Each structure stands twice: as C-alpha cells, then as structure tokens.
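Derivation of every value follows stated rules applied to the coordinates shown; laboratory data play no part. Note that the structure is predicted; figures quoted are calculated from it, not measured. Here the Cβ is made from the backbone with ideal geometry for all residues, glycine too, and neighbour counts use every protein chain on show.
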Amino acid sequence: MSAEKQVLFDIKGLCKSFGKVQVLDHIDAQIYKGEVVVIIGPSGSGKSTFLRSLNLLEMPTGGRILFEGKDMTDPRANINEYRQKIGMVFQHFNLFANLTILENMTLAPMKVLKKSKEEAEAEAMQLLKRVGLEEKANAYPAQLSGGQKQRIAIVRSLCMHPDVMLFDEPTSALDPEMVGEVLAVMRDLALEGMTMVIVTHEMGFAREVGSRVLFVDEGKIKEENTPAEFFDHPRHPRLVEFLSKVI
Amino acid sequence: MEDLKIRFITNFIKDDRWKYFTNGLETTYIVSFFAIVLGVVIGVLIAVVRSTADTIERPNLVIRILNWICRIYLTVIRGTPAMIQLLIMYYIIFGSVDVSKRVVAILTFGINSGAYVAEIIRSGIMSVDRGQFEAGRSLGLNYVQTMWYIVIPQAFKNVLPALGNEFITLLKETSICGYIALTDVTHGANTVRSQTYDPYLPLFGAALIYLISVSFLSALVTRMERRLRVNER
Ligand SMILES: Nc1ncnc2c1ncn2[C@@H]1O[C@H](COP(=O)(O)OP(=O)(O)O)[C@@H](O)[C@H]1O
Ligand SMILES: [Mg+2]
C-alpha cells in the first residue's frame, strides 16, 4: 500500500449491542480513499449493522470511528455534516414515495447544500442521463421497476457529491434480470475512483471490482484479503465453509 | 299541504327568521374551520413529539418532559366530554376576560380536536416505512427536514380518511355552542322553535343544513385523497 494512501474511515474497536445481544465485537478496520471494499458473510453476522454504523444510522455502543481524521462518534459532532459526505444505498431503495424522481434528487442538494433549484435540477438531469433514465424525471418511484429505482437511488446519493458510498445488498431485492444494470452503474463508479463499501452476495462482482474483500462472521472480521487470494485461497475455516455453501 | 306552507312561512320567512339559520351557519362554519386548523397544528406537533419519544433509543430530558405533557393533555382531553370542556373554557378560563364567544368555541374545539388528530397523525407517522426516514437522514437532511418533507406528507396521505372523519365529527360537535349562548345553526333553530312553538320544521331545517355541510366536507376530503394519490399511479 503506497504511502500517500489516505485513510477515509479509521474504525477502532467498534462495538454494537442491541440490548444484551452483541452484534459487532471490537471491529478494527481502515477504508482507504479510492478503494472498493466488499463485505461478505452469513446472514445475521452483522454486515448491515457494521455498514450502518459508518454513517451512524446505528450508534456504536463502543469504540470510535474516525472519518477523514475526525471522530464522528464524539457526542458533540454534527452528524448531518458527516452524512452529507457519506452516500448510502439501501437494499429496498428507499426512494421518497411522495416525491418525483427529480424531486428525490434535488431535495437534499437544495435543503442541505443550499443549491438553487435550477442548479440542483440541471445536475440531477445530467446524472439521470448518465444512467439512461432522464425520461423518468417526472415519474414517481411507484412507477419504476426495481432496477430503475436502485439506479435512481445511486444517482440521488451522487447529487450530494459524497466522498464515499455505502451499499447494503443493493441487488438482493431485485429480479435476476435487473441485477446487471445496477452492477453496471456501480462498476462505472468504481472505475471513476469512487470509494465504495459494498455488502453483497454477488461473488463475481466482488472478485472483479473489489480491491479488498472482508469476511464478517459473528460480529468480527475473520478474514480480509485481495479478491483473488480471498476466493482462491481462503484460510479461515468459517470462510472455507461459507464459500463452499454459496459458490 | 296548505298547512305545511303556512308553517314553512312562519318558521323560515316571517320576521326574517331565516336569518337565525344563516347567521348560525356562518358561526358554525367559522368555528369549525378555525378549530380544524388549530386542531391540525396541535395534532401534528404532538404527534411528532410522541413518535420521536417512541422511536429514538435514548430520548433526552426535553423530549421526555414534552412527551409527558402531551400524554397528560391526551388523557384529559379524550377523557372528558367536549361540552364540559366548553363550559370550563367559557365560565372558568375566560370567565373574567372579555373575549368573543366564537374565539372561546374555536379554542375549545381546536384543543379538543387536536388530541384526536394527534393520535391519528401518530399512527400515520408509524405507518411510514422507516427506510424513508433513514434515506432522508443518510442524505444529510436533519430530523425536522426529514419529518417535514418526507415523513409527514406520507403520514398525512395515509390517514386522510381518518382525518376526514374527525373533521366531520368536529363540525357536528360544534352544535353544543348554544350552551354558551353562541348562535350556531342548532342554537338558531332552537330560537325559532321557541318563537313559533313548532318543533318540526326548525329542527329538520337544522338537520338538513348539517347533512349538506357534512356531504360537502366529505366530498372535499375525497377530492384531496384523489389528488394525493397521483404518486401511486
Ligand atoms: N434494530 C435492531 N434491534 C435488535 N436487533 C437487531 C437490530 N438490527 C439488527 N439486529 C440483530 O443484529 C444481528 C445482525 O444483523 P445485521 O447486521 O442486519 O446482519 P446481516 O446484515 O449480516 O444479515 C441480527 O441477529 C439481527 O437480528
Ligand atoms: Mg443485512
């Protein structure tokens, strides 16, 4: 790893419990600028909770998360300022049902970044064009297919010019024929150098696009490696077992 | 038949008695309209406090105190008859202050309705998928912005039929205004009845006026529902 690599997330001893159930158990990890980190692991192992901790949708119950050198978990920190820079794409898209596609994309730039309507709309249209959905600008989310919704959700996040994008199983709720179109948008983003943290079950995509793959199991990172090593020479017995089941 | 015509003239035409009804109608409408507006404002505020207290993991002291005040308000208002509330407002709270009876009625019915509206809106907020809230927050919108632009509009749409019912109930409930000698439709009809000694026509007249008003309000709510449903097509 070259010396000038900049640490975006520095995660130190991250713990999260829901009541008595400990879901994340002292996780230490770094996410570097420009990296595509893929997280895999069995269902219920804490992947979503880990990802959601990175933008504080889940408040850690222990440890610290430094984002661009600053402690986000400091109670005095302004969470909204961090969140602007951290895009998030959800399994179930979560497009705002009461707003049109264009309004979905311009709301936060206008209200948070204080952009003018014209500027926000021009930029949104540009991004819509990029994913081939400009004719849907005035449609409502309910009128779109799952794949279209997820592509919109991705560009809605991009409207905020985030420094990093988090994806929580972005293709798991899609019909198989729509998975490809969403992965294509994500691949383009990766090629442009966007820093991405992706929870997914798409092993082929992980191998092709990932810079690093993490195996999360029982609230811990049990293995991490380059995709080739990770998939071809898994070491941890739990990972060997997991891969034998899913591939 | 001839008899009915004479009674009609006596009750509605003679001595401009129709004015009791039209003046009464004006009061009924003004009181209902402003009470609905006040009720919605109170209701939304309380619903937001209550659902905030219910959803966040560790509510701070301010939220806990506000939530506690809201619960007392809901218990008291929903646990006592509107008529008693009206009399208390008029004879005790405003007993020594000179304010218009309409204002007293608007405040009473607005505060009363606010309690019911609050619970309706709260159920609406709870019915909005949590992912909507999380998406808003993840884009950097703050709590209030997310509630205002995303959650409340959807909550409102989900509960519009229930809100419509509440507005209709409120409109009819204003018929107790006569107890503070405020001339609404019901009180107007009663005045005519006491002058003509005819119970039938004034009361049926008032009933018909309420029926038409409620139908009108119903139609309005239905139209609003249809307009808000464009985003489901
Ligand atoms: N809000 C919550 N309250 C209680 N338990 C939760 C909550 N969110 C997640 N969990 C529990 O935490 C564990 C890990 O969940 P999650 O992070 O969603 O796993 P994954 O995404 O790897 O499938 C699960 O056992 C789940 O039931
Ligand atoms: Mg998950």
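Okay, here's what the table says:
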| read-out | value |
| --- | --- |
| Per-residue HN-Hα couplings for the stretch B:202-208 [Karplus 6.51, -1.76, 1.60; θ = phi - 60°; Hz; x = Gly/Pro] | x, 5, 5, x, 4, 4, 5 |
| Range of Cα positions in the protein assembly as shown per principal axis (Å), largest first | 103, 48, 43 |
| Under 13 Å, Cβ to Cβ, from A:Pro75 - net charge with Lys/Arg +1 and Asp/Glu -1 | +1 |
| Inter-site label distance for A:Ser211 and A:Thr226 at 7 Å from Cα along Cβ, in nm | 1.3 nm |
| Test item: Cα-centred dipole of chain A, Lys/Arg +1 and Asp/Glu -1 on Cβ, debye | 580 debye |
| Test item: Cα-centred dipole of the stretch B:2-232, Lys/Arg +1 and Asp/Glu -1 on Cβ, debye | 320 debye |
| Local electrostatic count at B:Leu74 - Lys and Arg +1, Asp and Glu -1, tallied over other residues with Cβ under 13 Å | +3 |
| Quotient of Cα Rg and 2.2 N^0.38 Å for the stretch A:40-88, N being how many residues it contains | 1.19 |
| Span from the the stretch B:165-183 Cα centroid across to the the stretch B:8-82 one, whole angstrom | 11 Å |
| About the Cα centre, charge dipole magnitude for the stretch A:6-126 (Lys/Arg +1, Asp/Glu -1 at Cβ), debye | 320 debye |
| Nearby lysines by direct alpha-carbon distance to B:Lys172 (threshold 30 angstrom, same-chain neighbours under 8 apart not counted) | B:Lys5, B:Lys14, B:Lys19, B:Lys101, B:Lys157 |
| Charge dipole of the stretch B:2-232 about the Cα centre (unit charges at C-beta), most positive-ward option of B:Ala105, B:Thr183, B:Tyr73 | B:Tyr73 |
| Counting all C-alpha pairs of chain A, share separated by more than 30 Å (%) | 27 percent |
| Within-11-Å neighbourhood charge of A:His92 [Cβ basis; K, R +1; D, E -1] | -2 |
| Members of A:Lys85/A:Lys115; A:Lys33/A:Lys149; A:Lys85/A:Lys114; A:Lys16/A:Lys222 lying beyond 22 Å, as alpha-carbon distances in this model show | A:Lys33/A:Lys149 |
| Farthest positive-ward along the stretch A:124-247 dipole, Cα basis, beta-carbon charges - from A:Ser172, A:Val240, A:Gly132 | A:Gly132 |
| Cα-Cα P(r), the stretch B:2-232, percent of pairs per 5 Å interval | 1, 6, 12, 14, 15, 13, 11, 9, 7, 5, 3, 2, 1, 1, 0 |
